[in-house]
1. Would you mind computing Rg(Cα) / (2.2 N^0.38 Å) for the stretch 124-215, counting N as its residues?
2. How big is the antiparallel share of DSSP beta bridges in the chain, given as a percent to the nearest 5?
3. What list of ³J(HN,Hα) couplings, whole Hz, do you get for the stretch 191-197 from phi and the Karplus terms 6.51, -1.76, 1.60, once you set θ to phi - 60° and write x for glycine and proline?
4. Just for the Cα atoms in the stretch 124-280, what are the lengths along the principal axes, largest first, rounded to whole Å?
5. Just to verify a number: FRET efficiency for Glu276 and Lys57, C-beta to C-beta distance, R0 = 41 Å, to 0.05?
6. Anyone know which of Thr15, Thr34, Thr269 comes out most mobile in the 10 Å Cα GNM of the chain?
7. Over the stretch 65-197, what is the mean sequence separation of C-alpha contacts under 8 Å (at least six apart), divided by residue count, expressed as relative contact order in percent?
8. Collect residues whose amide H, placed 1.01 Å from N in the peptide plane, falls under 5 Å from the amide H of Arg104; neighbours closer than 5 in sequence don't count.
Amino acid sequence: MTILITGATGQVGGTAARILAASGKSVRALVRDTSATHDLNSVQIVGGSFEDSASLKLAMQGVDTLFLAGRDSPDTVALLGNVLQQAEKSSVCHVVKLSAIGARPGSSVELMRDHYAVDQMLKVSPFGWTLLQPHLYMQNLLRFADSVQHEGKISAPMADRRFPLVDTRDVGAAAAAVLRNPSAHARRTYQLTGPKAYSYDDVVNALSAVIQRHILYEAVSPESFEKKLSESGVPGWRAFDLAHIASAYEASDCRVSPDFEALVGHGPTSIEAFFEDHISVFAK
Ligand SMILES: NC(=O)c1ccc[n+]([C@@H]2O[C@H](COP(=O)([O-])OP(=O)(O)OC[C@H]3O[C@@H](n4cnc5c(N)ncnc54)[C@H](OP(=O)(O)O)[C@@H]3O)[C@@H](O)[C@H]2O)c1
């Protein structure tokens, strides 16, 4: 019985693959760059991609459970749809998909509409399915390391709203818990959040306390954030989604969920613990 992990060179898939392999499970990873797998000990590596059906066929041989995770792109629906099509021709019987809280057809951001479309595809497929829906990742804050170090501030379009940010290491641990015994989680959607909903003032206060330096939160408009990202070379579709994602969350999307603790057996990582673990990234 083998588990195939996609996105294994990424944050969530990598954590899930390492946890499962360390616990003795038979784990295979589909990766585009086979030289980027030094931290995937005891994981079988198969080169391939979502575009390459022949590689998917090979990677799925003898697999019963598939973890489906990729990176947002304008082609997400077609690419993940191709993976599901190839899985239907294979021995795969359960698919665990990394989705997102806020996935809905009328979302103002494409990545949420795309997640909804693939989630629906999976729900009407012949597979047993489980959806993992995290809130915004704490790791997104790593993108502000430079401005924290050099300008002492985080400029972001999050207004004064509160978001239950979650650590990707927790999302990976929750994925591993489900992948270990997928039939117990069939037809379930789990919402994965941190222990508290944080405003960005809370975020900079926690960061300031950890690095012992006052860091400011500057609330900027989605439009100016999008312009700055575009000017720095981020593709237009991505700049739009990153700039407008905060306003795409409804109030009900921002509640703390008990699902992580129920799956993993302890509470999720706090923002303070996240910053402690990444102190060298932010401190001068
Ligand atoms: N950021 C957030 O706050 C947030 C919140 C909720 C949900 N999410 C969702 O989480 C997912 C991203 O998870 P993550 O952060 O763990 O991923 P990540 O670190 O961005 O890594 C993406 C992974 O997907 C692989 N990949 C991308 N395109 C591929 C292709 N065409 N064929 C095969 N593999 C491909 C990448 O391989 P390479 O190493 O070769 O590039 C990498 O292993 C997205 O679906 C996103 O919408 C994100």
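Quick note: the coordinates plus some simple rules give every number you see, no bench work behind them. These figures come from a predicted structure and were not determined experimentally. When we count neighbours, we look across all protein chains shown, and the Cβ atoms used for this are built from the backbone with ideal geometry, even at glycine.
1. Against the empirical 2.2 N^0.38 Å value, I get 1.38 for the stretch 124-215.
2. Percent antiparallel among DSSP bridges in the chain is about 5.
3. 9, 10, 10, x, x, 8, 8
4. That gives 49, 36, 27 Å along the principal axes, largest extent first.
5. After rounding to 0.05, the efficiency reads 0.40.
6. Thr34
7. After rounding, I find 27 percent.
8. Arg113, Tyr116
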